[in-house]
Every structure is written in structure tokens, then in C-alpha cells.
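A short worksheet on the structure shown next.
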Amino acid sequence: ATPQSARPWATAAATALCERLRSNGAGSFTATKEQCAALEASLGLSLPQWLSELLQTYSLCGAELFWQAYPPEVDFDGRSYVTLADPGRMAVESVELTPGREILPLGFVCIAADDDGIGDPYFIPIDQGDPPVYQVRHDTDEEEHQIGSHQARLVAKHLSDFLNMLMPTASTGGETTS
């Protein structure tokens, strides 16, 4: 593979997540070349080739997923729910909404929406290979990381780790309690 193409870390993590999505009957889709070009125009910068290929090659856009954010408790499963962003959602979250529009100049682009009802989307710095994933807060709680004026929670040291820890919401079996 050329230095610009999808990296093995991206390919392996995306392939494994697509398989989990398929086996759970979860819905998702790939982005088109035109959608990625529109995203680049909205952002005012070029996507790294690996991110463009990830969006166009793997059926991950719109996937509804969860990850184990906290240890489970009696009345809380500890899961955080996300939807992986398609290019349109990436553009809106990164260009039009806070905190995205304030951290886009720092090279951060939204990759997932927060489905916990809090509205703290997930961002990556696109100038790195296998970049860290941050959930960027709207509030000002003390956090370990700060991106611009916004507090951020390091969710995963690498995008590949983030993709590997995501599970389809279909695998939860719906809204049942034990």
C-alpha cells in the first residue's frame, strides 16, 4: 500500500467492526466519493486518504453502537451509545455546531455523534495516523484533556482501538432488564 492509502490498522479494525455489524443485522452504509468531496469543501481542508477510504470502503456510516464507558452498576449498564457519522453529519458537527466549529481550526473532525442525550460528540485530529479519539464536552467539568477552550475525554488512544471496542446496539437485545 502507498503511504496515502488505508493503513493496516484501519483495515483490520474496520473489517472486524463491519463483521460485528453484519452478524447483528445492524444497518449502516458507505459514503460516496461525492459525499467525501462535499465534506472536504465544507471543512476547507483535505481528508487524509486513509479516512476517505475508510468512509468509502467500509459500511460504517450511520452505525448505531455502544462501548463500555464505565463499570456496570445496579441501575446503569455503563454503556455509552454513539452513531458513527456519515460525511454530512461530520460536516454539520465540525463546521456548524459547537464545539466542532471551535476546534476544526485545530485539525479536529467529528467522527461520531453522542447518542446518550448529552450531545458531546467524538472527534479525531486528522493530521495523525491512527489518531486518538476524544469525546469533546460542552460543559466545563474538570477533564484530563483540553482541546482549545473545550474539555475532552480521551476515549481511545487510537481510532483502531475505538473501532475495536464498539459493539452494535442490536446485540443488546433491546430494552430488556435483568
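The values are calculated or read from the model by the stated rules, or taken from the named source; none is laboratory data. Please read all numbers here as calculations on a predicted model, not as lab measurements. Here Cβ is always computed from backbone atoms with ideal geometry, including for glycine, and neighbour counts include all displayed protein chains. The protein model used for the area step is the full one, side chains on, heavy atoms only, and it has no ligands, DNA or RNA in it. Shrake-Rupley method; radii C 1.70, N 1.55, O 1.52, S 1.80 Å.
Expressed per residue, the C-alpha convex hull volume of segment 49-115 stands at 111 Å³. Per residue, segment 78-138 exposes 35 Å² of accessible surface when a 1.4 Å probe is rolled over the protein heavy atoms with every protein chain present. Within the accessible surface of the chain, defined with a 1.4 Å probe on protein heavy atoms only, the carbon and sulfur portion equals 51 percent. Once backbone amide H atoms are built at 1.01 Å from N, Ile111 has Tyr122, Phe123, Ile124 as its partners under 5 Å, excluding neighbours fewer than 5 places away on the same chain.
In deg cm²/dmol and to the nearest 500, what is the mean residue ellipticity at 222 nm of the chain if only DSSP H runs of at least 4 residues count, each as -39500 (n - 2.57), divided by the residue total?
About -8000 deg cm²/dmol.
Across the options Trp67, Thr32, Leu17, the greatest Cα extent toward the positive end of the charge dipole of the chain (unit charges at beta carbon of Lys, Arg, Asp, Glu) belongs to Thr32. Residues in segment 1-74 average 54 Å² of solvent-accessible surface per residue, probe 1.4 Å, ligands and nucleic acids excluded.
Please report Rg over Rh for segment 35-87, where both radii come from the alpha carbon positions and Rh follows the Kirkwood definition. Value, to two decimals: 1.18. Rg of the Cα atoms in the chain, relative to 2.2 N^0.38 Å, amounts to 1.00. From the Cα gyration tensor of segment 1-62, with a ≥ b ≥ c the square roots of its eigenvalues, which class applies: rounded if a/c is under 1.5, or else prolate if a/b is larger than b/c, or else oblate? Taking the square roots of the gyration eigenvalues as a ≥ b ≥ c, segment 1-62 is oblate.
Other residues within the sphere of radius under 13 Å centred on the Cβ of Met90, judged by their own Cβ, net out at -2 (K and R +1, D and E -1).
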